[in-house]
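Engineer: What follows is a structure written as structure tokens; I'll ask about it next.
The values are calculated or read from the model by the stated rules, or taken from the named source; none is laboratory data. Keep in mind it's a predicted model, so treat the numbers as computed, not measured. Ideal geometry is used to build each Cβ from the backbone, glycine not excepted, and the neighbour counts take in all protein chains shown. Ligands, DNA and RNA are stripped out before the accessible areas are found, and what is left, the full protein with its side chains, is counted by its heavy atoms. Shrake-Rupley method; radii C 1.70, N 1.55, O 1.52, S 1.80 Å.
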Amino acid sequence: MEQRDTKQKKDGAYSAAADGSQPAHRRRVRYKGTHPKRYEEKYKELNPEKYADTVAHVMEKGGTPAGMHISIMVEEILDVLKIQPGEQGLDATLGYGGHTRAMLEQLQGQGHIYGLDVDPIESVKTKKRLEEAGYGGDIMTVRQMNFADMDKLAEETGPFDFVLADLGVSSMQIDNPERGFSYKFDGPLDLRLNPQAGIPASERLKTISREELAGMLLENSDEPYAEEIAREITGAVRRGEKAETTKQVRELIERALAFLPEKDRKEAVKKSCARTFQALRIDVNNEFEVLYAFLDKLPHVLAPGGRAAILTFHSGEDRMVKKSFKQYQREGLYSQIAEDVIRPSAEECVRNSRARSTKLRWAVRSTER
């Protein structure tokens, strides 16, 4: 009995009873079969320090372990930013911290990097992860802040020698069904990067008109069936149907595309779901407005000769970055900009399927301020 009690305590299998008198046994969620589907069942992937072999196996197969994020185009970013020891930099989109860690390594213990993220859940985890890797407050500062407000940070710190912005949603946000970022998992339709601010997408759908939703789907994700999807979703909401979970919205999209030939329907629904969730995410987080503010302020927070690198993941973002870089080059604020986008290698896309849509652009601040 004593041996059994010790094992249960070690595994964290005890939880206090309601009256506090007897500890109640609580089994940990385990894999069901060899390929668990539910997020909470992937307990090995969610504990990379303890189950490194499982995490490595998932990555070898080209997957992203649950709760993790594989940084994209790390070497290409380092080539563009040319980080030197002693410099001061900004990771405007901290995320899982993979890019940040690679940049910290380039500093060789000299200089400082500031990391910004609006996500109050993941930013705390990332700060702890970086501290455990040896990057404390002497070389790394994490702020819960929208990158559109980086000018306020620069007023405290002075200009930056390099700035990175990765505009993609991190995998650990997408994979967690409680965040509502993916149609692949059932959960509340939230989609907010900061769940403590603004309104979730489910609330947005309760008041939006058909015309506005169709326009949003076209502008934010180039959805070819924008009218059909907008008509189905807004009509369902008016009739009292629910559009409050990821599964419910997916089912409405399936209904909207029921007119398509059966052989084409499955793939069309998959792509339209991805585009619809992207459009809603951009809307509830005001992503285009935030990106515009960031791009407008970027040359003014860079030191003379400072370098900036931006990763984009859809055409709307890339157009905004390209236009901003060209405008400020004409005005003399940038001395050089990327003439063409840099794409991830074929090998990286095989290792990480989420890299396929990535585009990298860069700019160099003029030495005359």
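Engineer: I need a count of the residues in the stretch 300-328 that are over 27 Å from Leu217 (Cβ atoms), charged (D, E, K, R) and surrounded by fewer than 20 Cβ atoms within 10 Å (Cβ to Cβ).
Structural biologist: The qualifying residues number 1.
Engineer: Inside the stretch 105-142, can you point out the residues that are surrounded by 13 or more Cβ atoms within 10 Å (Cβ to Cβ) and among the basic types (Lys, Arg)?
Structural biologist: Lys125, Lys127, Arg129
Engineer: Quickly run through the stretch 317-349 and pick out the residues that are small (Gly, Ala, Ser) and touching a Leu at 6+ places or on another chain (Cβ under 7 Å).
Structural biologist: The one that is small (Gly, Ala, Ser) and touching a Leu at 6+ places or on another chain (Cβ under 7 Å): Ser324.
Engineer: Let me ask something else about it. Output yes when any residue across the stretch 243-255 is part of a loop (DSSP other than H, G, I, E, B), open to solvent by 10 Å² or more (accessible area, probe 1.4 Å) and closer than 20 Å to Pro188 by Cβ, and no when none is. Give the steps one after another, and end with the answer.
Structural biologist: Going through the stretch 243-255, the residues part of a loop (DSSP other than H, G, I, E, B) turn out to be 243-244.
Checking the rest, the ones that are also open to solvent by 10 Å² or more (accessible area, probe 1.4 Å) come to 244.
The next check asks that each one be closer than 20 Å to Pro188 by Cβ; those that pass are 244.
Checking the stretch 243-255: at least one residue is part of a loop (DSSP other than H, G, I, E, B), open to solvent by 10 Å² or more (accessible area, probe 1.4 Å) and closer than 20 Å to Pro188 by Cβ.
Engineer: Among what's in the stretch 355-365 and is in contact with a helix residue (DSSP H, G or I) (Cβ under 8 Å, 6 or more places away or on another chain) and either over 22 Å from Phe162 (Cβ atoms) or of a type in the set (Gly, Ala, Ser) (or both), pick the residue that is surrounded by the fewest Cβ atoms within 10 Å (Cβ to Cβ).
Structural biologist: Filtering the stretch 355-365 for residues that are in contact with a helix residue (DSSP H, G or I) (Cβ under 8 Å, 6 or more places away or on another chain) and either over 22 Å from Phe162 (Cβ atoms) or of a type in the set (Gly, Ala, Ser) (or both), the one surrounded by the fewest Cβ atoms within 10 Å (Cβ to Cβ) comes out as Arg356.
Engineer: What is the number of the single condition among (1) assigned to a loop (DSSP other than H, G, I, E, B); (2) modelled with pLDDT of 95 or more; (3) surrounded by fewer than 18 Cβ atoms within 10 Å (Cβ to Cβ) that Gly62 does not meet?
Structural biologist: (2)
Engineer: From the list Phe288, Phe294, Phe277, which one is within 24 Å of the chain's Cα centre (by Cα), under 20 Å from His99 (Cβ atoms) and surrounded by 14 or more Cβ atoms within 10 Å (Cβ to Cβ)?
Structural biologist: Phe294
Engineer: Residues of the stretch 329-354 being open to solvent by less than 100 Å² (accessible area, probe 1.4 Å) and assigned to a helix (DSSP H, G or I), which ones?
Structural biologist: Gln329, Ala346, Glu348, Cys349, Ser353, Arg354
Engineer: Does any residue of the stretch 213-236 turn out to be at pLDDT 90 or above and closer than 30 Å to Tyr114 by Cβ?
Structural biologist: The answer is yes; a qualifying residue exists.
Engineer: If you go through the stretch 139-153 one residue at a time, how many are over 21 Å from Tyr292 (Cβ atoms) and without any contact (Cβ under 8 Å) to a residue 12 or more places away in the chain?
Structural biologist: Final tally of qualifying residues: 0.
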